[in-house]
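Bear in mind that the values in this text are calculations on the coordinates, not laboratory data. As the structure is a prediction and not an experimental result, all values here were calculated from the model. Quick reminder, even Gly has a Cβ in these numbers, built from the backbone with ideal geometry, and neighbours come from all protein chains shown.
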Amino acid sequence: MTEFKFTEEQVMLRDMVRDFTKNEIKPRSAEIDANEKIPDELIKQLGELGLLGISFPEEYGGAGMGEVGYCIMQEEIARGCMSTATFIGAHQSIGANTIYLGGTEELKKKYLVPLASGEKIGAFCLTEAQAGSDSFNVKTKAELDGDHWVINGEKLWITNGGIADIVSVFARTPKGLSAFVVETSDPGFQAGPPEKKMGIKGSTTNQITFDNVRVPKENLLGSEGRGFILAMKTLDAGRLGLGAACLGAAKELLEMSAAYSKERKQFDQSISNFQAIQFMLAEMATVIFTMESIVYRTAVDYDLGKNISKQSAMVKLYCSEGLDKVADFAVQIHGGMGYSRELPVERFYRDSRINRIFEGTNEIQKGIIARDVIKKNGVM
């Protein structure tokens, strides 16, 4: 791809989300971090603006903006609050998207419409105690009993787990790993207390228990035994959206750092005059340029229906490590103030670290990339 430009509609979306982030999210970001909760009113506003189903077709309640539109939105949201971007990612990009990719028309219309409006909140239930990176090792079981599947097991580190109404669940069946839609109001579904985390504190993370949860037979996503493939397809989009959020946070950190370097004076001059500071800003800008290039190139390919498994792994790997580098430079440029909670740099620094872990660790991403490279003898 030699050139990529946003359409007029995409520019309007970017500007709308940018204004919303500036006026509604940034003023609440410190409170979200301190209270470890995204306000219900903010979630309601996101739904009313159509941001909670922006990637889905209009017939399912979405805005029809595709993955490019989703990445545009996540980039802008993350400039204000990584916790809010994480909430949206778990809700839309993996929770609801599993239903979009694997559900029947009936399931899509039943569940995606309320998810897209924000009337219902979604989550993605895959990870377990012995099945984090090793997704094949899922122990949660689903057994067919008449017209229902009966699910038993536990899931860990489930983003939105304590606030979700509808979850996409992966469980072992006689034919292998399978996926189901479960309503959290069903008897036997229980969410544990929120985990206490280093960062993205506003994004609730919970252990989930399934105790003889009965799910209608028609709530099977795709065909029995094809759950692993569905999970990987879903995570392709999830990793891409994660890269877009990393990009937005990195851009915000660069802007804050450049502005601070001009304001902060040492030795009777702005520290922006010092080559050491200039070099850090230059490296930050170069990393961000690359992040932006691979995020939107991959998003375009996704919307064209291309297989992006390798590219999304590259996006996740590069953007998560790139954000960590940018955040570290930002703290260094801000000095003592970068380490203080008085400025948002400290929060961005804490929030950035998780991106190398969830949605598949970066070591898993390297394995995905390497397998493709070996298979194709290095041909891109």
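So what's the back-of-envelope 222 nm ellipticity for the chain, counting only DSSP H runs of four-plus at -39500 (n - 2.57) apiece and dividing by all residues, rounded to 500? It would help to have the intermediate numbers written out before the result.
Details: 12 runs with 177 residues, N = 380.
Value at 222 nm, helices only: -15000 deg cm²/dmol.
Which links in Lys141/Lys196; Lys155/Lys201; Lys139/Lys175; Lys120/Lys233; Lys110/Lys217; Lys316/Lys366 stretch past 21 Å when you go from one Cα to the other? Numbers along the way, then the final one.
Details: Lys141/Lys196 28 Å; Lys155/Lys201 19 Å; Lys139/Lys175 14 Å; Lys120/Lys233 23 Å; Lys110/Lys217 15 Å; Lys316/Lys366 10 Å.
Long pairs (Cα-Cα over 21 Å): Lys141/Lys196; Lys120/Lys233.
Report the label-to-label distance for Met16 and Arg371 in nanometres (one decimal), using points 7 Å from each Cα along the Cα→Cβ vector.
Those two pseudo-labels are separated by 3.9 nm.
Could you tell me which residue out of Asn97, Pro193, Ile271 lies farthest along the dipole of the chain toward its positive end? Charges go on the beta carbon: Lys and Arg +1, Asp and Glu -1, centred on the Cα centre.
Result: Ile271, furthest along the dipole toward the positive end.
Tilt of helix 66-78 relative to the longest C-alpha principal axis of the chain, in degrees (0 to 90, nearest 10)?
The two axes meet at around 50 degrees.
Quote the relative contact order of the chain in percent (integer), defining contacts as alpha-carbon pairs under 8 Å separated by 6+ residues.
On the way: 714 pairs, mean separation 61.4, N = 380.
Computed over the chain, the figure is 16 percent.
Provide the per-residue ³J(HN,Hα) series for the stretch 21-27, in order, calculated from phi with Karplus coefficients 6.51, -1.76, 1.60 and θ = phi - 60°, each as a whole number of Hz, with x at glycine and proline positions.
For the stretch 21-27, the Karplus curve yields 4, 4, 8, 10, 8, 4, x Hz.
For Glu106, Glu183, which order do you get if you count the other beta carbons within 10 Å of each Cβ and list the fewest first? Each step should come with its number before you reach the end.
Working: Glu106 10, Glu183 16.
Sorted ascending by nearby Cβ count, the order is Glu106, Glu183.
Treating only the Cβ atoms of Lys and Arg (+1) and Asp and Glu (-1) as charged, compute the dipole magnitude of the chain about its Cα centre; round to the nearest 20 debye.
Details: 44 positive and 51 negative charges, 202 e Å.
Computed about the Cα centre, the dipole is about 980 debye.
Where a ≥ b ≥ c are the square roots of the eigenvalues of the C-alpha gyration tensor, would you call the stretch 78-166 rounded, which needs a/c under 1.5, or, failing that, prolate if a/b is larger than b/c, or oblate? Kindly include the intermediate steps, with their values, before the conclusion.
Details: a/c = 2.21, a/b = 1.19, b/c = 1.85.
Oblate is the answer for the stretch 78-166, as a/c is 1.5 or above yet b/c matches or exceeds a/b.
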